[in-house]
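The values are calculated or read from the model by the stated rules, or taken from the named source; none is laboratory data. The structure presented is a predicted model; accordingly, all values stated were derived computationally and were not measured. We place every Cβ from the backbone using ideal geometry, glycine too, and count neighbours over all the protein chains shown. Quick note on the areas: whole protein, heavy atoms, side chains included, nothing else; ligands and nucleic acids left out. Shrake-Rupley method; radii C 1.70, N 1.55, O 1.52, S 1.80 Å.
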Amino acid sequence: MGSELVYEGVNGAISGIVPDVSVVVPIHNEVESLPLLLEAIASTLSSSEISYEIICVDDGSTDGSGKFLKEEAQKRSDLKAVILRRNYGQTAAMAAGFHYALGKAIVSLDADLQNDPADIPMLLTKLDEGYDLVSGWRQKRQDGAVNRLLPSKIANWLIRRTTSVNIHDYGCSLKAYRAELLADMNLYGELHRFLPALAYIEGARITEMPVRHHARRFGRSKYGIWRTFRVLMDLLTILFMKKFLTRPMHVFGLLGLISMISGTLIGIYLTFIKLALGEMIGNRPLLILAVLLLVTGVQLFCFGLLAELLMRTYHESQGRPIYRVREVVAKKVN
Ligand code: UDP
Ligand code: MG
């Protein structure tokens with residue numbers, strides 16, 4: 001009788017059966033691809049006897065993708081449609097999908113058929129070898145050379161150098177995760193491409209596997225060259241999170257200290273030449289530098305202390321421990 005499906009995922013009350021895998025797909029205006037995509041996922045997984053659910057998140061599409069998904073979800077039991085109120089961006093759409101996922105493993109992939117659902121069983125097998133995250137590597141990537149491949153090469157190199165997660169292709173959406181890992185992680189901004197780096201901060205075991213990649217058949221890419229700059233900003237955030245999330249005073253305190261000490265030394269020098277040698281110091285640029293260094297130093301110091309307070313609020317208010325336990329082993333006493 002067309003009753004509404006009540007459905008809560010990893011972060012809420014669990015109802016329904018737990019499938020082997022939840023396939024999460026963010027969708028923004030991909031209506032032509034959807035029938036082929038659903039068919040490809042369903043046929044791969046049912047032929048390898050993996051129990052699954054597909055969670056399609058409509059991220060404010062205006063081409064009827066949402067309507068199509070709602071109709072399909074009424075007809076078939078392997079599909080859940082999550083319709084967002086407006087366009088929030090790929091990261092938010094993925095986060096929404098993860099929220100409603102019930103599977104033991106979660107696979108994310110793009111809706112545009114650039115990722116190949118036939119690769120999913122292979123990623124799941126790898127996950128079973130004991131990894132928490134298996135990332136796809138588009139070895140033969142089918143995208144424009146100048147506007148996509150070059151920026152992506154540079155970005156990948158930078159991310160690899162700075163995050164200590166040694167994989168080739170951060171931008172590949174086709175990834176498999178153990179569900180517990182995602183339950184621990186919060187996504188913001190456009191951080192989905194940094195999921196491996198964030199997972200690394202959470203202590204995850206990460207690996208990669210070459211996957212297929214196809215040229216876009218329908219519609220257009222939602223991104224242009226400006227994405228590169230956002231990725232760079234996100235990279236800075238991640239770097240900071242990785243190094244100093246639990247000890248901000250170590251960064252700001254140190255910088256503040258260096259600044260204050262240099263300011264003080266210059267000040268002492270100026271005092272010396274004023275008092276001992278009787279020279280004028282009022283017109284010296286060095287004086288301005290000394291004052292600037294002192295003021296900046298004090299500010300950095302205070303900022304570090306504030307950051308320490310914020311960090312404590314962040315961890316304690318959400319009950320987030322500063323560590324992650326992989327497993328606890330203890331001998332049973334009857
Ligand atoms: N996407 C989305 N919301 C957005 C932009 C993109 O859900 O605001 C989805 C899009 O429908 C696709 C995936 O994210 O399934 C990747 O987008 P796209 O193919 O445009 O990126 P590219 O493959 O060109 O990097
Ligand atoms: Mg694409």
**Prompt:** Cα axis of helix 227-244 to longest principal axis of the chain: angle in degrees, 0 to 90, nearest 10?
**Reply:** 70 degrees
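Order the following by accessible area, largest value first: 302, 56. Probe radius 1.4 Å; ligands, DNA and RNA are ignored.
Sorted by accessible area, descending: 302, 56.
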**Prompt:** Once phi is turned into θ = phi - 60°, what whole-Hz ³J(HN,Hα) does the Karplus curve with 6.51, -1.76 and 1.60 give for every residue of the range 161-176, x standing for Gly and Pro?
**Reply:** 5, 9, 9, 6, 9, 8, 10, 8, 10, 6, x, 5, 6, 6, 9, 10
**Item:** Lys/Arg +1, Asp/Glu -1 at C-beta; the range 116-211 dipole; positive extreme among 204, 139, 183
**Value:** 139
**Size of charge dipole - the chain - debye, nearest 20, with Cβ of Lys, Arg +1 and Asp, Glu -1, no other charges** = 1080 debye
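Could you give the size of the charge dipole of the range 155-208 about its Cα centre, using +1 on the Cβ of each K and R and -1 on the Cβ of each D and E, expressed in debye and rounded to the nearest 20? Intermediate results must be reported in sequence, preceding the final value.
Numbers: 6 positive and 6 negative charges, 34 e Å.
With only Lys, Arg, Asp and Glu charged at Cβ, the dipole is about 160 debye.
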**Prompt:** Helix 34-47 versus the longest principal axis of the chain: what angle, 0 to 90°, nearest 10, using Cα atoms?
**Reply:** 70 degrees
**Prompt:** Ordered by packing density, taken as the mean number of other Cβ atoms within 10 Å over each peptide's residues, highest first, how do 112-122, 35-45, 152-162 rank?
**Reply:** 112-122, 35-45, 152-162
**For the chain, built as a Gaussian network whose Cα springs stay under 10 Å, the top-fluctuating residue of 313, 207, 91** = 313
**Item:** For the chain, alpha-carbon Rg over 2.2 N^0.38 Å
**Value:** 1.28
**Request:** Using a cut-off of under 13 Å, list every residue of the range 109-132 whose amide N is near the label point 7 Å from the Cα of residue 32 along the Cα-to-beta-carbon line.
**Result:** 112-113
**Request:** With springs only between Cα atoms under 10 Å apart, run a GNM on the chain and tell me which of 136, 219, 282 wobbles the most.
**Result:** 282
**Message:** Within 10 Å of each candidate Cβ there may be at most 16 other Cβ atoms; applying that plus a DSSP loop requirement, which chymotrypsin sites (Phe, Trp or Tyr not before Pro) in the range 226-288 survive?
**Reply:** 226
**Item:** Charge tally in the Cβ shell below 15 Å around residue 270, where Lys, Arg are +1 and Asp, Glu are -1, residue 270 excluded
**Value:** +1
**Item:** Solvent-accessible area per residue for the chain (1.4 angstrom probe, square angstrom)
**Value:** 56 Å²
**222 nm mean residue ellipticity, helices alone, for the chain (DSSP H n ≥ 4; -39,500 (n - 2.57); rounded to 500)** = -14500 deg cm²/dmol
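Assigning unit charges at the beta carbon (Lys, Arg +1; Asp, Glu -1) and nothing else, what dipole magnitude in debye, to the nearest 20, does the range 182-334 show about its Cα centre?
900 debye
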**Request:** Return the carbon/sulfur percentage of the accessible area of the range 240-314, one whole number, probe 1.4 Å, all protein chains in place.
**Result:** 79 percent
**Request:** With 27 Å as the limit, write out which pairs from 153/222; 80/243; 75/104; 70/153; 126/331; 75/222 have Cα-Cα distances beyond it, or answer none.
**Result:** 80/243; 70/153; 126/331; 75/222
